[in-house]
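To start, the structure itself, in structure tokens.
The values are calculated or read from the model by the stated rules, or taken from the named source; none is laboratory data. Every value quoted in this text rests on a predicted model; they were computed, and no experiment measured them. Here the Cβ positions follow ideal geometry from the backbone for every residue, glycine too, while neighbour counts run over all protein chains shown.
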Amino acid sequence: MQEERVKLSDRLLNFSSGVIKLARALRKGPVDNHLARQIVRSATSSGANYEEACSGESRADFIHKLQIALKELNETLYWSKLIEKSYEVNATQGLTALIQENKELCAILARSVVTAKNRPRSQI
């Protein structure tokens, strides 16, 4: 379990870093700055909330923080798709890969929430 946590933690960190690079590549203007702030905030929050979940004080705390991380990833997916629809292709290089990673991370965290909710207390 510890090795899987490290891999997921690294994936979330790398994902957040990719989103930061994307945000830096956007044009500079009021709308661009708003989109950049929103996507960076939600992407980086997902990893931070996952780290908090891993050191949760209780099973309920773990599940709650994992759900917050998932919600932030879902928000990031929204902002990514909005940027994809709103910008020319050359401005969003690498966005397709980020969206795919975002979807995979959502699926992993969603399964983790279900597993944690269904696991008997003695196995946590």
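Right, Leu66: touching a residue at least 40 places away in the same chain (Cβ under 8 Å), among the hydrophobic types (A, V, I, L, M, F, W, C), under 21 Å from Lys103 (Cβ atoms) and in contact with a helix residue (DSSP H, G or I) (Cβ under 8 Å, 6 or more places away or on another chain) or not?
yes
Identify all residues within the range 69-103 that are among the aliphatic types (A, V, I, L, M), free of Cβ contacts under 8 Å to residues at least 40 places away in the same chain and farther than 17 Å from Val40 by Cβ; write none if there are none.
Val89
Hey, among Glu51, Glu57, which residue is at pLDDT 95 or above and either within 30 Å of Thr115 (Cα to Cα) or over 18 Å from the mean Cα position of the chain (by Cα) (or both)?
None of the others qualify; the one that does is Glu51.
Among the residues that make up the range 37-46, is at least one of them at pLDDT 95 or above, exposed (fewer than 13 other Cβ atoms within 10 Å of the Cβ) and under 23 Å from Ile108 (Cα atoms)?
no
Take the residues of the range 47-75 that are acidic (Asp, Glu) and out of contact with any Lys or Arg (no Cβ under 8 Å at 6 or more places or on another chain): which is surrounded by the most Cβ atoms within 10 Å (Cβ to Cβ)?
Applying the filter and picking the extreme gives Glu72.
Six or more apart or on different chains, Cβ under 9 Å: which pairs go from a residue in the range 43-62 that's closer than 26 Å to Leu98 by Cα and acidic (Asp, Glu) to one that's at pLDDT below 95 and not in a helix (DSSP H, G or I)? Could you list them?
none
Given the structure, is Leu12 assigned to a helix (DSSP H, G or I), at pLDDT below 95, of a type in the set (A, V, I, L, M) and under 19 Å from Ile99 (Cβ atoms)?
Spelling it out, it is not the case that Leu12 is assigned to a helix (DSSP H, G or I), at pLDDT below 95, of a type in the set (A, V, I, L, M) and under 19 Å from Ile99 (Cβ atoms).
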